[in-house]
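The values are calculated or read from the model by the stated rules, or taken from the named source; none is laboratory data. Quick caveat, the model's predicted, so the values are computed rather than measured. So basically every Cβ, Gly included, is an ideal-geometry build from the backbone, and we count neighbours across all protein chains shown.
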Amino acid sequence: MDFEFSIVSGRVVDRIVRSNIPQVVETVKSAYLAHDRGESVNPNSYFLRFPEKPNARIIALPAFLGGDSDVAGIKWIASYPANVEKGFPRASAVILLNSYETGYPFACLEASIISASRTAGSAVLAAEVLNGGRKATTTLGIVGNGLIARYIYRFFIGMDWDIERVLLHDLREADSERFAKSVCEPTRHETIGVASDLASLMKQSTLVVFATTAGSPYVESPDWFSHCPLILHVSLRDLSPEVVLAQQNIVDDVDHVMNADTSVHLAEQLSGGRDFVSGTLVDVIERRVELAEDRSVVFSPFGMGILDLAVAKWVHGEARESGEALEIGDFFYELER
């Protein structure tokens, strides 16, 4: 039996993703639908923590995705927030893909780009679904102006959203200024601005993306939501449980998101139940859940390993077809029983 193994570098992953953003979003959607049909296994993530580095962690996300994919694998992603102060991204990652038939790994891919891309694909898919299918908003507010925010913004542009204004906010104002100048595309918007305080951004935005590294809630004012903005709570720990309970909540997977002190996990502990969650994104896609008009809709995606698998397998196929995957023919050498 032929046991092939290949490596796909970050440069190749980046090229493939950038040139095929709509396909990434469609791949994410297909993975969500397969999960809803029960064609997946997605265990809880495992968090490796360090006593002397309480803010750092390395997370293992194992998963299996059936349907058209039939692939197993694991993403091993490190999150070191202190890296930001050193001038490079907090997250680094690899993903291994395993054959469902034999269990043998057949590919290793640089996965920080895959992880950011599946996160952005999930967020932008949710924005369209929760916005009634419309790819337009008056003011996009982005809280936290790092790498994940950059990918989400580029996916909005890649999916041809009509965004009149962009408003940015970060604890490091220099990051917002940099984002405005080097990431945002001025020809796509009437204005691009930096909000000096979070309250100002919230009150002016019709669609808000939280993409921070916050470890605990800091958004506590219900007044900021009185105009019912759509909220993409990608960083998961920004909203107080009281704020969460006052909105309509949509998640990617109910069991998964009720972990690791996410805002919805804290809301579950405070309320004593999960009734405050209306359903999943697929429930909205399949019209099993109606969206509220009198309060904000908040999407809180925990980030499922099946999305990484789906995007990684697609990228691997594209890389092999273009000849950009590094094939290692003798990676598995001792094959006699």
Taking the stated definitions as given, is Val84 outside any loop (DSSP other than H, G, I, E, B), surrounded by 19 or more Cβ atoms within 10 Å (Cβ to Cβ) and touching a residue at least 24 places away in the same chain (Cβ under 8 Å)?
no
Considering every residue within the stretch 168-181, establish whether at least one is closer than 23 Å to Tyr32 by Cα and more than 16 Å from the chain's Cα centre (by Cα).
no
Please give the strands (runs of 3 or more DSSP E) falling wholly within the stretch 186-234 in which 1 or more residues are small (Gly, Ala, Ser) and over 28 Å from Arg118 (Cβ atoms).
191-194
In the stretch 235-250, how many are part of a helix (DSSP H, G or I) and either in contact with a Pro (Cβ under 8 Å, 6 or more places away or on another chain) or in the same structural domain as Val84 (by TED's automatic domain parsing) (or both)?
3
Val17 passes all but one of the listed conditions (1) surrounded by fewer than 16 Cβ atoms within 10 Å (Cβ to Cβ); (2) touching a helix residue (DSSP H, G or I) at 6+ places or on another chain (Cβ under 8 Å); (3) not in a strand (DSSP E or B); the exception is number (1)
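Output the residues belonging to the stretch 256-296 that are assigned to a helix (DSSP H, G or I) and of a type in the set (S, T, N, Q).
Listed by number, the residues that qualify are Ser263, Gln269, Ser271.
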Please go through the stretch 39-68 and give me each residue that is in contact (Cβ under 8 Å) with a residue 40 or more places away in the chain and in a strand (DSSP E or B), ordered by number.
Ser40, Phe47, Asn55, Leu61, Pro62, Ala63, Phe64, Leu65
Ser79 versus (1) in contact with a Phe, Trp or Tyr (Cβ under 9 Å, 6 or more places away or on another chain); (2) surrounded by 12 or more Cβ atoms within 10 Å (Cβ to Cβ): which is the lone unmet condition?
(1)
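Considering the stretch 1-14 alone, what residues qualify as being assigned to a helix (DSSP H, G or I) and either of a type outside the set (Asp, Glu) or modelled with pLDDT under 95 (or both)?
Across the stretch 1-14, the qualifying residues are Gly10, Arg11, Val12, Val13.
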